[in-house]
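Undergrad: Below are the structure tokens for one structure; questions will follow.
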Amino acid sequence: MKKIWDKYSYAILLIILSCSLAFILSLRFNSNVEEKFLTITVSEGDSIWEISNQYSDQHTYSNSEFVSWVKQNNQIEGDKIYPGDEIIIPVNYEVGTITELASAAGE
């Protein structure tokens, strides 16, 4: 065991320090933005693209990514959504702040 330590002590210390630094940096620079979900009720004339534009300041997706996310997580086939449907959309909020979000467009 002593031979291994004498031969590889610098490498072992470098690995330990690297892992420690990576752990500390991951804790320090962990994003304060968490993704949450909002349930909205679809109104007459709404489309997923329009909903993406309406909530664009509350999510970090591009419009096409948002549409794909909504379709996948709400089991929507095709491009049609209907008035009265309730869909879940992703929204981000800053941890530690209180943000009040509207539950549906036009309410």
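The values are calculated or read from the model by the stated rules, or taken from the named source; none is laboratory data. From a predicted model like this one, the values you see are computed outputs, not experimental measurements. Reconstructed Cβ throughout: ideal geometry from the backbone, glycine too, with neighbour counts over all protein chains shown.
Undergrad: When residues of the range 63-90 are filtered for being closer than 15 Å to D46 by Cα and either among the acidic types (D, E) or not in a strand (DSSP E or B) (or both), how many remain?
TA: First, the residues of the range 63-90 that are closer than 15 Å to D46 by Cα: 63, 66-67, 70-71, 76, 78-89.
Next, only the ones that are either among the acidic types (D, E) or not in a strand (DSSP E or B) (or both) stay: 63, 66-67, 70-71, 76, 78-86.
Of the residues in the range 63-90, 15 are closer than 15 Å to D46 by Cα and either among the acidic types (D, E) or not in a strand (DSSP E or B) (or both).
Undergrad: While we're looking at this one, here's another question. Can you tell me which of (1) at pLDDT 90 or above; (2) closer than 22 Å to D85 by Cα is the one F37 doesn't meet?
TA: Result: F37 passes all but (1).
Undergrad: Kindly provide the set of residues from the range 71-84 that are surrounded by 14 or more Cβ atoms within 10 Å (Cβ to Cβ) and either not assigned by TED's automatic domain parsing to the domain that holds D57 or not polar (S, T, N, Q) (or both), ordered by number.
TA: Looking only at the range 71-84, we keep the residues that are surrounded by 14 or more Cβ atoms within 10 Å (Cβ to Cβ), and these are 71, 74, 76, 81.
Hits for the range 71-84 are K71, I76, I81.
Undergrad: Taking the residues in the range 50-107 that are modelled with pLDDT under 90 and small (G, A, S) as candidates, determine which candidate is farthest from K36 (Cα to Cα).
TA: So, considering only residues that are modelled with pLDDT under 90 and small (G, A, S), the one farthest from K36 (Cα to Cα) is G78.
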